[in-house]
Structure formats: C-alpha cells, structure tokens
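Step one of this worksheet: look at the structure below.
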Amino acid sequence: MRVLTRFMLSAADARQFPAAGAPEIAFLGRSNVGKSSLINAIVGSKIAKTSSTPGRTQTINFFEIRRPGKPRPDWIFADLPGYGYARVPKELTAEWPKFIDPYLHERPTLALCVSIVDVSVPPQKKDLELLNWLRHVGRPFVVVGTKIDRVSGNQLRNNLLKLKEELLVEEVVPFSAKGTTGHNELWKKIFEAAGTDAPATAG
Ligand SMILES: Nc1nc2c(ncn2[C@@H]2O[C@H](COP(=O)(O)OP(=O)(O)OP(=O)(O)O)[C@@H](O)[C@H]2O)c(=O)[nH]1
Ligand SMILES: [Mg+2]
C-alpha cells in the first residue's frame, strides 16, 4: 500500500514520547529479528534504520504514516528496540524493561502490538516471554513470522506450526521483508485494530 511517512522523533525515555495522536502500532521482537526491515517493507521506503548488527535500534522511533489524500496521519508506527541480545552494553539491557514497560502500560493510543518472530529459527523462549508480557499488560497483539524467504515448503509449514504451538497463538502471519508475502495481511490487521475507515487494498 502506498503511504506517506514522516519521522517524528527517537525517544530514550518515557518523557520524550510524542503526544498521543493517531492510533499507534508498535513493532516488537528480539534484536535483529527484522522489526525495522518489516516496517520499511510495508511502508515501501527506508524510514527505519536496519542493520545486520543486532541492537541497532536502541530508542523507540516514532513515525507518522498517512495515506495519500488524507489530511491527517492515519497511524503512528513505533519501532521498538530489540531485546534479549547479550552483546549490547549491560546497562542498556537493564534499561529496557524500565523503558518499554511504561510505553506498553501507559500509551493511551496503542492499538496493536506487532510481535515479530523469525520463522527460520526454532521458537525462542524470549518470544514467549514477550507475548506473555503483552498478555499480562492486556495489549492486543498479532504475531508475524518474518524471513520466510529463508525456508521452503514443508520446513516453513512445520516451523509455523511449532511457533503456534509454543507461543500459544492461533495465528502466525507469514511474512518476508524481501518479498511481498504477508504485507497485505499485516495491513489488514492494522486497519482492523486501529479502526481505520477503509479496507487495505493491494498495491
Ligand atoms: N532474508 C531476510 N532477511 C531479513 C528479513 N527481514 C530482515 N532481514 C535481515 O535481518 C537483519 C536485521 O534486520 P533489522 O530490520 O535491522 O532487524 P531489527 O529487528 O530492527 O534489529 P534491531 O533494531 O537491532 O533490534 C538485516 O540483516 C536484514 O537484512 C527478511 O524478511 N528476510
Ligand atoms: Mg531495528
């Protein structure tokens, strides 16, 4: 889908969050799982910095997303720092719960958490921990299984099944940032969760 994007700010602290506005979509997952790439893929431009070095995104980065012709932003996308990567400085890891917890607890306009997992590796304990955290906070979430371009056929089916079993979810949306799989499906979830006024269309 074609959208216009605007970088708002990077917040390293709850006091720096932008004023709540349009329904907000948060993108969460382990370090290097592909959060920033997923955002770039669905908006069709490189707004979020990606890197093969885990721990690249260390702040919550906010973006306004607007459909062409709309006077106001339709959504705010929040690219969250990855968690659970041991090689980032220890102080920073210690900061994460403090930093993300107020966001998940208090952000009034948070409409959907997109919880991103990697289908090319077995389900990880950290993935389940994040979902349980979201369940505890009571935030709606959708699980997206990214990097499907790295696995094929049967293996993909098996990995998706295993993810559903171990993460205790009914659905994992297959996705690739290197192709088009899952993009429309994810947009549909965003429209539904945010109560946006028109269905997502392809293209
Ligand atoms: N093959 C493949 N590689 C991907 C996909 N999505 C992301 N990657 C790669 O995975 C690496 C990490 O991607 P990022 O989008 O920076 O990951 P992130 O979760 O934002 O990382 P942090 O911000 O460090 O937590 C990069 O090398 C990407 O090119 C995908 O769908 N397929
Ligand atoms: Mg990132």
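A short reminder: the numbers here are calculations on the coordinates, not readings from a lab. Predicted model, so just to flag it, every value in this text is computed and none were measured. Virtual Cβ from ideal backbone geometry, glycine too; neighbours counted across all protein chains shown.
Charged neighbours of W187, selected by a Cβ distance under 13 Å, balance to +1 (K, R count +1; D, E count -1). Considering only I47, P23, T59, the residue lying farthest towards the positive end of the dipole of the chain is I47, judged by Cα position with unit charges set on Cβ. Other residues within the sphere of radius under 15 Å centred on the Cβ of R6, judged by their own Cβ, net out at +2 (K and R +1, D and E -1). A Gaussian network model of the chain, with springs between Cα atoms under 10 Å, assigns the largest mean-square fluctuation among K147, K70, K162 to K70. Counting only aspartates and glutamates at least 8 places from K46 when in the same chain, those with an alpha carbon closer than 18 Å to its own are E64, D79. Considering only G153, G21, G145, the mean-square fluctuation computed in a Gaussian network model of the chain, springs between alpha carbons under 10 angstrom, is largest for G153.
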